[in-house]
Amino acid sequence: MADRVTVPSVRARKRAAGSEPIVMITAYDTPTAAAVDAGGVDVVLVGDSMANAVLGYPDTLHVDVADMAHHVGAVHRAGTRALVVADMPWLSYHLDPVDAVRNAAVLVRAGAEAVKLEGGAVRVPVIEALVSAEIPVMGHLGLTPQSVHAMGGYRVQARDEAAAAALLEDARAIEAAGCFAVVLEGVPDVVAAAVTDRLAVPTIGIGAGPACDGQVLVFHDLVGFGTGRPAKFVRRYAELHDMASAAVAAWAVDVRAGSFPSDAETYHATGPGSGSPPVG
Ligand code: KIV
């Protein structure tokens with residue numbers, strides 16, 4: 001069995017230096033974490049996307065530290081080879097660095113080996129505080145879903161030259177503050193390529209084109225386990241919603257026809273007097 005993936009091993013994964021692309025995917029529970037780990041991913045992200053993907057909320061602003069810790073624990077208990085990274089939810093790192101370190105510690109004690117947070121230069125004090133508390137930090141730039149209202153919706157970011165230059169400055173600032181990797185979401189391919197080229201730490205893209213040092217997708221998008229229309233950047237490898245509903249429909253037919261459970265699916269009593277329930 002290959003060695004466990006660590007923060008230093010991810011930090012070193014630059015494609016320009018000959019490394020293979022980093023493979024990162026979300027998981028929010030034990031069986032999913034076990035399945036993605038068996039699939040050979042490098043990083044399991046307990047993303048705040050669980051708000052949309054499995055909890056039915058319209059955006060990621062609806063989960064808090066306790067929600068995240070609950071799911072980080074479930075993923076941790078799968079005992080993955082992959083590195084476990086937890087999203088810091090909205091408002092858990094926006095107030096002050098001390099508050100952020102306390103909140104990140106809850107996620108680390110639940111089983112996270114690193115945390116991810118959204119934002120650029122404005123987050124430098126928080127990133128420095130986390131790193132000095134020995135908590136590794138993954139950055140997240142571009143389309144940052146916790147800023148949905150500030151952005152006016154989920155829109156591709158850094159499309160013009162000024163915004164692309166600002167994104168690059170943000171990437172440099174959070175790298176200098178100590179981030180070991182940076183997620184780039186919803187940005188043009190040329191912008192992701194320029195950032196990837198200029199950072200010493202790896203970039204991990206989602207809707208950011210092929211030049212990044214790695215790629216991340218939400219598990220439920222990849223396996224088709226949801227009802228919404230997938231974004232342009234999603235490639236579906238299965239249709240689990242259809243498979244699961246067909247399986248349940250087949251079972252319902254068997255129950256209604258009286259053919260479930262069969263004799264082989266039924267417990268039988270043993271020994272003298274077996275089969276006669278106590279009466280009286
Ligand atoms: O929460 C999440 O799933 C994420 C990924 C989209 C990168 O942040």
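Using a Förster radius of 35 Å, what is the FRET efficiency between Val98 and Met151 based on their Cβ-Cβ separation? Nearest 0.05, please.
Values: r = 28 Å, r/R0 = 0.80.
With a Förster radius of 35 Å, E is 0.80.
Give, in nm to one decimal, the length gained when the segment between Val122 and Arg159 is fully stretched (0.36 nm per residue of separation minus the Cα-Cα distance). Please list the in-between numbers first.
Working: separation 37, 0.36 × 37 = 13.32 nm, distance 2.07 nm.
Between Val122 and Arg159, full extension yields 11.2 nm more.
Grab the DSSP H runs of the chain that are 4 residues or longer, score each as -39,500 (n - 2.57), total them, divide by all residues and round the 222 nm result to the nearest 500 deg cm²/dmol. Mind showing how you got there, number by number?
Values: 11 runs with 106 residues, N = 280.
Per the formula, -11000 deg cm²/dmol.
Under a plain spin-label model, where a point goes 7 Å from the Cα along Cα-to-Cβ, how far apart in nm are Arg4 and Ala38?
2.1
Per-residue HN-Hα couplings for region 6-18, Karplus 6.51 cos²θ - 1.76 cosθ + 1.60 at θ = phi - 60°, whole Hz, x for Gly and Pro?
Using θ = phi - 60°, the values come out as 10, 4, x, 5, 5, 3, 7, 8, 9, 5, 4, 9, x Hz.
Residues of region 220-250 with the amide nitrogen closer than 13 Å to a label point 7 Å from the Cα of Phe260, along Cα-to-Cβ, please.
What the label zone holds, given the 13 Å backbone N cut-off, is 244-250.
Highest GNM mean-square fluctuation, the chain, Cα pairs closer than 10 Å: which of Val248, Val234, Val101?
Highest fluctuation of the listed residues: Val248.
In percent, what relative contact order does the chain have, based on Cα pairs under 8 Å that are 6 or more apart in sequence?
Details: 510 pairs, mean separation 43.8, N = 280.
Once divided by the residue count of the chain, the mean separation gives 16 percent.
At each listed q (0.07, 0.09, 0.14, 0.16 Å⁻¹), what is the log10 of I(q)/I(0) that the Debye formula gives for the chain modelled as equal alpha-carbon point scatterers?
For the chain, the Cα-only Debye profile gives -0.31, -0.46, -0.97, -1.26.
Just the accessible area per residue of the chain, please: how many Å² with a 1.4 Å probe? Before the final figure, lay out the partial values.
Details: 14250 Å² over 280 residues.
I get 51 Å² per residue for this part.
With a point put 7 Å past each Cα toward its Cβ, work out how far Ser132 is from Val248 in nm, to one decimal.
Once both label points are built, they end up 5.1 nm from each other.
Could you identify which residue out of Tyr93, Tyr57, Tyr237 has the top mean-square fluctuation in a GNM of the chain using Cα springs shorter than 10 Å?
Tyr237
In whole Hz and in residue order, list the ³J(HN,Hα) couplings for region 22-31 that follow from phi through the Karplus curve 6.51 cos²θ - 1.76 cosθ + 1.60, θ = phi - 60°; x for Gly and Pro.
So the J values, rounded to whole Hz, are 6, 10, 10, 8, 7, 8, 10, 8, 5, x.
What distance in nm separates the two pseudo spin-label positions at Asp197 and Arg236, each 7 Å out from Cα along the beta-carbon direction?
It is 3.6 nm.
Do any GluC sites (Glu not before Pro) in region 121-193 lie in a loop, going by DSSP, with at most 14 other beta-carbon atoms within 10 Å of their beta carbon, and if so which? List each step's numbers first, then the result.
Values: sites: Glu128, Glu134, Glu161, Glu169, Glu175, Glu185; in loops: Glu134.
Counting only loop positions with at most 14 other Cβ atoms within 10 Å, the GluC sites (Glu not before Pro) in region 121-193 are Glu134.
Report the gain in length on full extension from His268 to Ala176: 0.36 nm times residue separation, minus Cα-Cα distance, nm rounded to one decimal. Intermediate results must be reported in sequence, preceding the final value.
On the way: separation 92, 0.36 × 92 = 33.12 nm, distance 6.70 nm.
Here the answer is 26.4 nm.
Hey, any idea what % of the chain's accessible area is carbon plus sulfur with a 1.4 Å probe?
Values: 8290 of 14250 Å².
With neighbouring chains kept in place, the figure for the chain is 58 percent.
The values are calculated or read from the model by the stated rules, or taken from the named source; none is laboratory data. Just so it is clear, the model here is predicted, and its values are computed rather than measured. Using ideal geometry, Cβ is built from the backbone for each residue, glycine included, and neighbour counts are taken over all protein chains shown. Calculation scope for accessible area: heavy atoms of the full protein, side chains included, ligands and nucleic acids excluded. Shrake-Rupley method; radii C 1.70, N 1.55, O 1.52, S 1.80 Å.
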